[in-house]
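Right, I'll just put the structure down here and ask away after.
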Amino acid sequence: MTDRDQLITRLGDRDPELLRMLDQHYNIDVTDRLLRVLKYHAERFPGDREVAVLKAPGRVNVIGEHLDYNGLPVFPMAIDYDMTVVLSRRDDRKVVAVNPEFDDREFEISAQIPRFETGDWGNYLKAGVQGIVDEFGGPEKLKGFNGSFLGSVPIGSGLSSSSTLVVASAIAVLESSGIGMPPLELADRMAKAEWYVGTQGGGMDHAASILSEKGKALKIGFFPLSATPVAIPEGYTIVVANSMVVSAKTEASRIRFNLLPAACQIACAMMVKTMGLENEGIERLGDIYFRYGRIETLRGHEKTFTQDRYTRQEVADFLGLSLEETESTFYTARSGEPLPVPEEGLPIAARARHVISEAIRVEESVKVIEAGDGEAFGRRMNGSWISCRDDFGISHPSLEKLVDIAREAGSSGSRLTGAGWGGCTVHLVADHKVDAVLEALMEKYYNGAIREFPAAAERFTQRPQDALLALRPSAGARVLF
Ligand code: NG1
C-alpha cells in the first residue's frame, strides 16, 4: 500500500525513479493512464489515502487458436493495454467497484457469490473473487476493497478484455486481504474462475496475463499448466489490426463459442473409440496428441471420420450411447444450459482437423523461432489463418479483408487472433515493412472496406485509437505500487 497523494504528485512530476520502475513493466508511457485512475479513485473514495495499484494485461495470441481447452500449447504475448486498478482496503467483505465507463457495482464476498444479470461487467469481477474464495475454501480469510477499474484493452476485440477484469479483481482481493499466491497457481485457478460467466474457454488468457515477461511471448502448456518465455524473432514487429467488429461472448455468441469445445470433445470421444483407447484416461484431443504423437493422431483422425458433419443421433450411434447420455455429456454447457445444435449436426471432422494441424504449427513455430527463421514462423501463421477460417469456421469477412490487405503490403504472416468472428487480426511484419503495412491497412480498410460493416465503421469513428496497434510484449499482471 502506498500514499495516494504522494504517488499522484510523483507521477505528475514524472519522477525519474518511478519512470524507471514502470519501464520494467511496460514498453509505453503509462503515467497518464495511472494518473487518471488514481485521480478517479481519489474523487470516488476521498477518504481512502492508502492505495495499491495493479495491472492485469490483455494478450494477443500469436499462434495456437482454440487449443487451450483441448489441452494443447498456445503462443500468446501480454500487451501494454490492460486493466489498471487502484484499490483501497476495507474492513468488511464488501467489494465496491467503480469504472468511469460502466455503472458502479457492489457485492459481498461469500462462499457462493450470486451472479448479476448475464453480460453485466460486474460478473467478471465476481468471477475473479469467487475463484479466490474457492481457492481458500471460503471467504473467511478475505477482505473486501474499494476498487477503481480502468481498462485500455478494446472490448470484444479478441484481446481478452474480459480476462483482464477477472485477473485484476482476483489480484485486488488477494492484495486487500494481504495474501500472496504463486503465479502459476493463480493462473490455473483463474482459467476455471472465468467459467462463472458462462463461457467454457481454456486458460490461455489468464496464463498470458499473469505469467508473461516483458519482451517475451509465452509458450503455454496445459494440464498441467506450464509457461516458457520465447522471444519474437529478431527484426520483426507484431502488428494488431482490429476489425472493429465486436466479437463479444454474450448470448448467441456465447452459445456459438461453446459449441466449439463441444465439437472438440465429441471428436475426442469418437477418436478414442476408433483408436481403442477407452481405458487410457483420455479427456481431450491434446491427450491423444501427446501420448500417441502427431502421426498416430492424424491416422486416428482419418480412420474415425468418414463424413464431415455428425448429427446428435449419429454421434450417439457412433459412441454406442443413448441420445440422452449424449446430450448430457456433450451438449450441455458447464452452467447447465443446453447447447442448441443445428439439425444438420456439427462439422466434427473439420474442427478436430484444425486442432491437430494447429498443434503441429505451434510446435513447429517454436522450433523455427529458435532457429531465428521469422519467415518460416510467418508461414505457420498463414497456415493457422486458413485452418481457422476453413476448418474451425471462426472467420468473418472483415478479418478476410484485413489479412489480404496486410499480406499484399508485405506482412510475413497474418491471421485472426482470439475467439474469432470479428475482433482482431495479428501480423508478423519485418521491421522495415511496418510503415507500409500500417499505411495499407489504414487506407484500404479503415478508410475503405470497413464501410461494408456499418457498426464497425461507427466504432472506428468513435475510437480510432483502438484500431491499429504495433506491439511489443508487456510484463504480466502485478501490483505496481
Ligand atoms: P477470447 O479471444 O478472449 O474470446 C477465447 C477463450 C480462450 C481461447 C480463445 C481461442 C475465454 C475467456 N477465452 O478467447 O481461452 O480458447 O478464445 O483461442 O473463454
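Please report the antiparallel percentage of DSSP beta bridges with both residues in the chain, rounded to the nearest 5.
DSSP beta bridges in the chain are roughly 95 percent antiparallel.
What does the convex hull of the Cα atoms come to per residue for the range 1-90, in Å³?
126
Given contacts defined as C-alpha pairs under 8 Å and at least six residues apart, what's the relative contact order of the chain, whole-number percent?
Here the relative contact order equals 22 percent.
Which of the trypsin sites (Lys or Arg not before Pro) found in the range 330-420 are loop residues per DSSP with 16 or fewer other Cβ atoms within 10 Å of their Cβ?
ARG334
Same structure again: Quick one: net charge around ASP82, please, counting Lys, Arg +1 and Asp, Glu -1 for every other residue with C-beta under 12 Å from its C-beta.
Result for the local shell: +3.
Could you pull out the pairs from LYS94/LYS126; LYS192/LYS216; LYS219/LYS367; LYS39/LYS214; LYS143/LYS214; LYS55/LYS216 whose alpha carbons sit more than 19 Å apart here?
LYS192/LYS216; LYS39/LYS214; LYS143/LYS214
Return the whole-Å distance between the Cα centroid of the range 168-200 and the Cα centroid of the range 1-23.
27
Hey, another quick one. Among the aspartates and glutamates, which fall within straight-line cross-link reach of LYS433, defined as a Cα-Cα distance under 15 Å, with same-chain neighbours fewer than 8 residues apart omitted?
Excluding near neighbours in sequence, the set is GLU234, GLU375, GLU408.
Let me spell out the model: positive unit charges on the Cβ of Lys and Arg, negative unit charges on the Cβ of Asp and Glu, origin at the Cα centre of the chain. What dipole size does that give, in debye rounded to 20?
Here the size comes out at about 400 debye.
Would you calculate the convex hull of the Cα atoms in the range 59-121 and tell me its volume per residue in Å³?
Once divided by residue count, the hull of the range 59-121 is 175 Å³.
If we sort 269-275, 381-387 on the protection proxy, mean other Cβ atoms within 10 Å, highest first, what's the order?
For the peptides 269-275, 381-387, the packing ranking is 381-387, 269-275.
What is the Rg over Rh value, at two decimals, for the range 211-271, using alpha-carbon atoms and the Kirkwood definition of Rh?
Checking Rg against Rh, the ratio lands at 1.10.
From the Cα gyration tensor of the range 236-296, with a ≥ b ≥ c the square roots of its eigenvalues, which class applies: rounded if a/c is under 1.5, or else prolate if a/b is larger than b/c, or else oblate?
Because a/c hits 1.5 or more and a/b fails to exceed b/c, the range 236-296 counts as oblate.
How large is the helix-only mean residue ellipticity at 222 nm for the chain, computed as the sum of -39500 (n - 2.57) over DSSP H runs with n ≥ 4, divided by its residue count, in deg cm²/dmol to the nearest 500? Don't jump to the answer; show the numbers that get you there.
On the way: 16 runs with 210 residues, N = 481.
My calculation for the chain gives -14000 deg cm²/dmol from helical runs alone.
Any idea which of SER176, ILE405, ILE369 is furthest toward the positive side of the dipole for the chain, if Lys and Arg beta-carbons carry +1 and Asp and Glu beta-carbons -1?
ILE369
Which net charge results when you count Lys and Arg as +1 and Asp and Glu as -1 among the other residues whose beta-carbon is under 14 Å from that of ASP308? Working shown, then result.
Details: positive: ARG309, ARG351, ARG353; negative: GLU302, GLU314, GLU344, ASP390, ASP391.
Cβ neighbours under 14 Å give a net charge of -2.
Can you tell me the mean projection area, over all orientations, of the convex hull of the range 347-423's alpha carbons? Units nm², please.
5.0
For ILE360 and GLU280, FRET efficiency with R0 = 25 Å and r from the beta-carbon atoms, rounded to 0.05?
0.70
Residue farthest toward the positive end of the dipole of the range 250-402, with Cβ of Lys/Arg at +1 and Asp/Glu at -1: which of ALA316, ASN382, MET271?
Farthest towards the positive pole: ASN382.
Ignoring the sites themselves, what is the longest stretch of the chain with no GluC sites (Glu not before Pro) in a DSSP loop and at most 16 other beta-carbon atoms within 10 Å?
345-481
Given an 8 Å cut-off on Cα distances and at least 6 residues of separation, report the relative contact order of the range 130-224 as a percent.
For the range 130-224, the relative contact order is 27 percent.
Convex hull over the alpha-carbon atoms of the chain: what's its volume per residue in Å³?
145
Here is a follow-up. What relative contact order, as a whole-number percentage, does the range 269-382 give when Cα pairs under 8 Å and 6 or more residues apart are counted?
26
Please express the Cα-Cα pair-distance distribution P(r) of the range 76-213 as a list of whole percents, one per 10 Å bin, running from 0 to the bin with the greatest distance.
All Cα pairs, binned at 10 Å, distribute as 13, 49, 34, 4 percent.
How fast does the range 244-347 diffuse by Stokes-Einstein, in µm²/s, taking the Kirkwood radius from C-alpha pairs at 37 °C and 0.692 mPa s?
Calculated translational D: 223 µm²/s.
Write out the trypsin sites (Lys or Arg not before Pro) in the range 39-131 meeting two conditions: DSSP loop, and at most 14 other Cβ atoms within 10 Å of their Cβ.
Values: sites: LYS39, ARG44, ARG49, LYS55, ARG59, ARG89, ARG90, ARG93, LYS94, ARG105, ARG115, LYS126; in loops: ARG49, ARG90, ARG93, ARG115.
Within the range 39-131, the qualifying trypsin sites (Lys or Arg not before Pro) (loop, at most 14 other Cβ atoms within 10 Å) are ARG49.
Every number here is computed from the coordinates shown, using simple stated rules; none is lab data. Note that the coordinates shown come from a computational prediction; the quantities given were computed from them, not determined experimentally. Cβ coordinates were reconstructed from backbone atoms using ideal geometry, including for glycine residues, and neighbour counts include every protein chain displayed.
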